[in-house]
Structures are given as C-alpha cells and as structure tokens.
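Colleague: Got a structure for you, written out below as structure tokens; questions coming shortly.
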C-alpha cells in the first residue's frame, strides 16, 4: 500500500493538485494500476463537492437544475445562483415557463482496499439519487460565527422564494425524491409541483433549535395553517407524498421518475404554447397578498440567523455529523 500511495502522489504532482485534494483522494479512491484513472476521476468528483446550478432555455422552456453531493443540500452559493437563474429566466423573453429540478449524483467512485467507505454525502433518511433537496447545508450552518453571517445564509432561501414569486412565468417543480426543510420550501414556492410517490416531506428545523421561519410563509400558503403546524411541531415525522398531495403541496404524484418526467414535460410544452400575457396576469392574481414578502422573509431570516448561533443548534449539528 505504501507504493500505491506514492504512485498516487506522483500523479497528483503531475496534475498540480493541492495537498488537501491529495489527502481526500488517497483516503477514498483506488490506486495501483488504476491510479491515473482514479486520480482524474477524483479530481472531477472533488470539483463537484461545491455543487452546481445550471440553466438552459429551449423551445420556450427554461430548465433550471441544481445539484449538491450532500443529498442536494443548499449552501449559500447554490441559493444565490438559483435566485439569479430564476431572475434571468423570468426576464428572458425566450422563456415562457420555468422548470425547477435537482439532479441525481454521479455513481460512487471505486474504493481502494482498506480505505474508509463512509459516505460523506449521507443525510438522515436519504439515499443518494432519491433526494429532491435536503434543505440547508449542515457544513455551512455549523460554520456560521455571527448574526450577520446567519442572516446572510438564511436570506438565501428568501431570495429564491421571492424570485419564484416575482417571476412573471409559471414555475413547475419536479420533485423526484424526498424533501426536507428548505426543500419543502422550494416545492411550496413553485406554482405547480409534481412529485413521485416516494417524495415524502419533513420540516426538520425545530429539531435543530431553529424553525421554518423563512420557508414558512410559502409552505403555509400552499397547505394551510393546520398542516403547516403539524409539519413544524413534529420535525422527526415524514409525511407521505399522498399527504402532501391531499394538503395541496403537490398538484399530483406519479408512480415513477419516468412518469414524472413525462408529466412535467407535457405540462411545460402546453404552457410554452400558451399566452405569456395571460400567464403573467394569472401569476399576479395567484400571488396576491404576498407583496410584503420582500421584507417579511428577510425578517424571518433574522430570526433564524440568531437562533442558529445557540449552543443547542451547534451541539445538535456536531452530534449529527459525527454519526454521518
């Protein structure tokens, strides 16, 4: 194994990688006869660790997708990019409807003999590829040091929700797996949400010592005060996709991802052929009464920004991460 390690480091020197990346790859990935392929694959993997947001517009349909290897959780940078892409799609005359979706992660890389097999992307209740969005990034939550940092992070959720609200186009959410916390907020903020039958939901914030303050208005608007209260007070309980459809969070649920994609595509095509002016006016009518959300959601972000600094929250996240 010593020779294998040296071989990997030699290839990393050729690739001019940082010592930090060398350590991560040497811990998790194959070497020996496959060391070059493994090193290059690992570089690609490492670059994905910060996640991504991508957008494209074709035939009147703007497709916005996000990805993060930690069960599609949402760091601040991903939230800012999402908000910007939604704004751009809303202002793009070539786009008549917006689809919001998350991507499934790439397959796991091969692990060398004796290396740790702990999955750094594991989140409670999730499996890779079956998660729409796991909510706030725990790594970023635990790194928050003061109120301003906390407010800035949680304001990211407010920006995304408000840009969905203000976009003069319908936003269709494609929910291909479980959603928790901020992920439920995204599903609720969309104008029309379609999901698979396994897309259960949970608002976990209270367990962390905070609350669903920022996403709360969007969720309550969709499901009503009673259902929102039930989700909030029992943060450890998953609600089924059937429950979410019954309460109005999901417009419909489909038996498989393939059926989901077909339904999303068919609806988007129909809307892309509809009147832009009529849809823009309908959206204004549908969101009447939310004109104060630009200030309301920032105020809610301040609430979370204070609470996330508590010892309770810090200890909970540290304990959770130690089990991951």
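The values are calculated or read from the model by the stated rules, or taken from the named source; none is laboratory data. Keep in mind that what you see is a predicted model, and the values were worked out from it rather than measured. Note that we place each Cβ from the backbone using ideal geometry, even for glycine, and neighbour counts take in every protein chain shown.
Colleague: With the requirement that a residue be surrounded by 21 or more Cβ atoms within 10 Å (Cβ to Cβ) and either more than 11 Å from residue 159 (Cα to Cα) or not assigned by TED's automatic domain parsing to the domain that holds residue 178 (or both), what does the stretch 76-90 give you?
Modeller: 78, 85, 89
Colleague: Report whether or not residue 141 is at pLDDT below 95, in a helix (DSSP H, G or I) and closer than 23 Å to residue 217 by Cβ.
Modeller: Taking the combined requirement at face value, the residue satisfies it.
Colleague: Can you work out which of the residues in the stretch 59-68 that are within 11 Å of the chain's Cα centre (by Cα) and surrounded by fewer than 19 Cβ atoms within 10 Å (Cβ to Cβ) is modelled with the lowest pLDDT? Give the steps one after another, and end with the answer.
Modeller: Here is the first cut: in the stretch 59-68, the ones within 11 Å of the chain's Cα centre (by Cα) are 65-68.
Remaining after also requiring surrounded by fewer than 19 Cβ atoms within 10 Å (Cβ to Cβ): 65, 67.
On the way: 65: 96, 67: 93.
Filtering the stretch 59-68 for residues that are within 11 Å of the chain's Cα centre (by Cα) and surrounded by fewer than 19 Cβ atoms within 10 Å (Cβ to Cβ), the one modelled with the lowest pLDDT comes out as 67.
Colleague: Continuing with this model, one more query. Restrict the check to the stretch 225-237 and report whether at least one residue is touching a residue at least 60 places away in the same chain (Cβ under 8 Å) and crowded, with 18+ Cβ neighbours inside 10 Å.
Modeller: Checked against the condition, which is being touching a residue at least 60 places away in the same chain (Cβ under 8 Å) and crowded, with 18+ Cβ neighbours inside 10 Å, the stretch 225-237 yields no hits at all.
Colleague: Okay, next question. Consider the stretch 265-312. How many of its residues are at pLDDT below 95 and over 18 Å from residue 76 (Cα atoms)?
Modeller: Going through the stretch 265-312 one residue at a time, the tally reaches 3.
Colleague: From 284, 270, 314, 319, grab the single residue that is surrounded by 13 or more Cβ atoms within 10 Å (Cβ to Cβ), part of a helix (DSSP H, G or I) and more than 19 Å from the chain's Cα centre (by Cα).
Modeller: Sole residue among the options that is surrounded by 13 or more Cβ atoms within 10 Å (Cβ to Cβ), part of a helix (DSSP H, G or I) and more than 19 Å from the chain's Cα centre (by Cα): 314.
Colleague: May I pose another question? Among the listed residues 154, 159, identify the single one that is buried (at least 24 other Cβ atoms within 10 Å of the Cβ) and closer than 22 Å to residue 71 by Cβ.
Modeller: On the way: 159 fails: buried (at least 24 other Cβ atoms within 10 Å of the Cβ).
Going through 154, 159 in turn, just one is buried (at least 24 other Cβ atoms within 10 Å of the Cβ) and closer than 22 Å to residue 71 by Cβ: 154.
Colleague: Separate question: Would you check which residues across the stretch 181-211 are in contact with a strand residue (DSSP E or B) (Cβ under 8 Å, 6 or more places away or on another chain) and under 22 Å from residue 296 (Cα atoms) and list them? Before you say what the answer is, go through the steps one by one.
Modeller: First, the residues of the stretch 181-211 that are in contact with a strand residue (DSSP E or B) (Cβ under 8 Å, 6 or more places away or on another chain): 181-184, 186-187, 189-204.
Selection gives 181, 182, 183, 184, 186, 187, 189, 190, 191, 203, 204.
Colleague: Got a sec? Which of 300, 306 is touching a residue at least 24 places away in the same chain (Cβ under 8 Å), over 22 Å from the mean Cα position of the chain (by Cα), in the same structural domain as residue 178 (by TED's automatic domain parsing) and more than 24 Å from residue 200 (Cβ to Cβ)?
Modeller: Selected residue: 306, the only one of 300, 306 that is touching a residue at least 24 places away in the same chain (Cβ under 8 Å), over 22 Å from the mean Cα position of the chain (by Cα), in the same structural domain as residue 178 (by TED's automatic domain parsing) and more than 24 Å from residue 200 (Cβ to Cβ).
Colleague: Still on this structure, I have one more. Restricting to the stretch 225-267, count the residues that are more than 21 Å from residue 215 (Cβ to Cβ) and not in a helix (DSSP H, G or I).
Modeller: Number of matching residues: 4.
Colleague: Let me ask something else. Among (1) assigned to a helix (DSSP H, G or I); (2) surrounded by fewer than 22 Cβ atoms within 10 Å (Cβ to Cβ); (3) at pLDDT 95 or above, which single condition is residue 93 missing?
Modeller: It fails just one condition, (1).
Colleague: Right, another one. Return a yes/no flag: does the stretch 165-176 have any residue that is in contact with a strand residue (DSSP E or B) (Cβ under 8 Å, 6 or more places away or on another chain) and closer than 17 Å to residue 304 by Cα. Talk me through it step by step, then tell me what you get.
Modeller: Our first condition is that a residue be in contact with a strand residue (DSSP E or B) (Cβ under 8 Å, 6 or more places away or on another chain); within the stretch 165-176, this holds for 167, 169-176.
If we keep only those that are closer than 17 Å to residue 304 by Cα too, we end up with none.
Within the stretch 165-176, none of the residues are in contact with a strand residue (DSSP E or B) (Cβ under 8 Å, 6 or more places away or on another chain) and closer than 17 Å to residue 304 by Cα.
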